[in-house]
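Take a look at the structure below.
The values are calculated or read from the model by the stated rules, or taken from the named source; none is laboratory data. Note that the structure is predicted; figures quoted are calculated from it, not measured. Here the Cβ positions follow ideal geometry from the backbone for every residue, glycine too, while neighbour counts run over all protein chains shown. Heavy atoms of the whole protein, side chains included, go into the accessibility calculation; ligands, DNA and RNA do not. Shrake-Rupley method; radii C 1.70, N 1.55, O 1.52, S 1.80 Å.
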Amino acid sequence: MLTLHGDARTRSYFGVYTVRENAVQRQLAHGTTVHGTERIGSPRRETTPTTYYVPGSGIGQAMRAAPVLFGRQARIGVVGLGAGTLACYARPGQRWRIFEIDPAIVRIAQTRFGFLRRCLPGVDVVVGDARLALAAQPKASFDLLALDAFSSDAVPMHLMTREAFALYARTLAPDGLLLVHISNRFLDLEPVVAANAA
């Protein structure tokens, strides 16, 4: 990772990642899109999900409800690692698996941010294309599957197809929950997800 003017930058096949840090926070950006912010200063602050993952967000509410909905041993899948923020929703007894296509992001999350280390040490991170990796999962592998790979300007549209949603349904338990993060400044993904859901 190259350090420039207080920022640490690295480039991979998928683009340029920048980690910015000041006295109160550390932030991961991919191009102009923020993929995670970690507060600095106290253990409680450092394990609190931030940005669009706050406890009151849709994904925050679903993750907090998982033990009630699916029991203490809920099986959680996440597509898209980012800084690893969602790991801080993990609870004892849960089994998590995270799918991430870019090895550079895995290194950044493991070495520059503390979410994985503090909240979910030893989590199973599967590196590779999530659609192929999910196809290799047994049927009904997850109680909750969160898709968080669509917020930047380079959207993996092969994860938005009808066939991909059929795959997600296959990997979910019959009463499972699929969460799709569709916040994007460049594309309106709501109609695509709505059509697939219908």
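Remind me, relative contact order of the chain in percent, using alpha carbon pairs under 8 angstrom and six or more residues apart?
15
Hey, what's the chain come to in accessible area per residue, 1.4 Å probe, Å²?
Value returned for the chain: 50 Å² of accessible area per residue.
Give the long-range amide H neighbours of residue 140: residues separated by 5 or more places, or on another chain, with amide H under 5 Å away, using H modelled in the peptide plane at 1.01 Å from N.
Hits under the 5 Å cutoff: 171, 172.
Helix-only estimate, please: 222 nm mean residue ellipticity of the chain, summing -39500 (n - 2.57) across DSSP H runs of length 4 or more and dividing by its residues, to the nearest 500.
Mean residue ellipticity, 222 nm, calculated: -7500 deg cm²/dmol.
Enumerate the calculated ³J(HN,Hα) couplings along the stretch 14-28 in order (Karplus 6.51 cos²θ - 1.76 cosθ + 1.60, θ = phi - 60°), each rounded to whole Hz, writing x wherever the residue is Gly or Pro.
For the stretch 14-28, the Karplus-derived couplings read 8, x, 9, 10, 10, 10, 10, 9, 9, 5, 10, 7, 10, 9, 10 Hz, x marking Gly and Pro.
For residue 40 paired with residue 175, estimate the spin-label separation in nm (one decimal), with each label point 7 Å from Cα along the Cα-to-Cβ line.
In this crude spin-label approximation the distance works out to 4.5 nm.
³J(HN,Hα) across the stretch 78-85 via Karplus (A = 6.51, B = -1.76, C = 1.60, θ = phi - 60°), whole Hz, x for Gly/Pro?
Rounded to whole hertz, the list is 10, 9, x, 8, x, 7, x, 3.
Express the relative contact order of the stretch 65-149 as a whole percentage, based on alpha carbon pairs under 8 Å and six or more residues apart in sequence.
The normalised contact order for the stretch 65-149 reaches 39 percent.
Using heavy-atom solvent-accessible surface (probe 1.4 Å) with all chains present, what is the largest-first order of 18, 111, 10?
Reading off the accessible areas and sorting them downward yields 111, 10, 18.
Label-point separation (nm) for residue 65 and residue 140, each offset 7 Å from Cα along Cα-to-Cβ?
Here the answer is 2.2 nm between the modelled labels.
I'd like the carbon and sulfur percentage of the solvent accessible area for the chain, probe radius 1.4 Å, heavy atoms only, ligands and nucleic acids excluded.
Carbon-and-sulfur percentage of accessible area, whole number: 55.
Residue by residue through the stretch 7-13, which ³J(HN,Hα) values in whole Hz follow from phi under the Karplus form 6.51 cos²θ - 1.76 cosθ + 1.60 (θ = phi - 60°), with glycine and proline marked x?
9, 9, 10, 9, 10, 9, 4
Given a Förster distance of 25 angstrom, what is the FRET efficiency for residue 183 paired with residue 14, based on the Cβ-Cβ distance and rounded to 0.05?
It comes to 0.85.
If you count only protein heavy atoms and use a 1.4 Å probe, how large is the accessible surface of residue 40, to the nearest 10 Å²?
The accessible area comes out at roughly 40 Å².
Between residue 157 and residue 57, take the C-beta separation as r, use R0 = 35 Å, and let me know the FRET efficiency to the nearest 0.05.
The calculated FRET efficiency here is 0.90.
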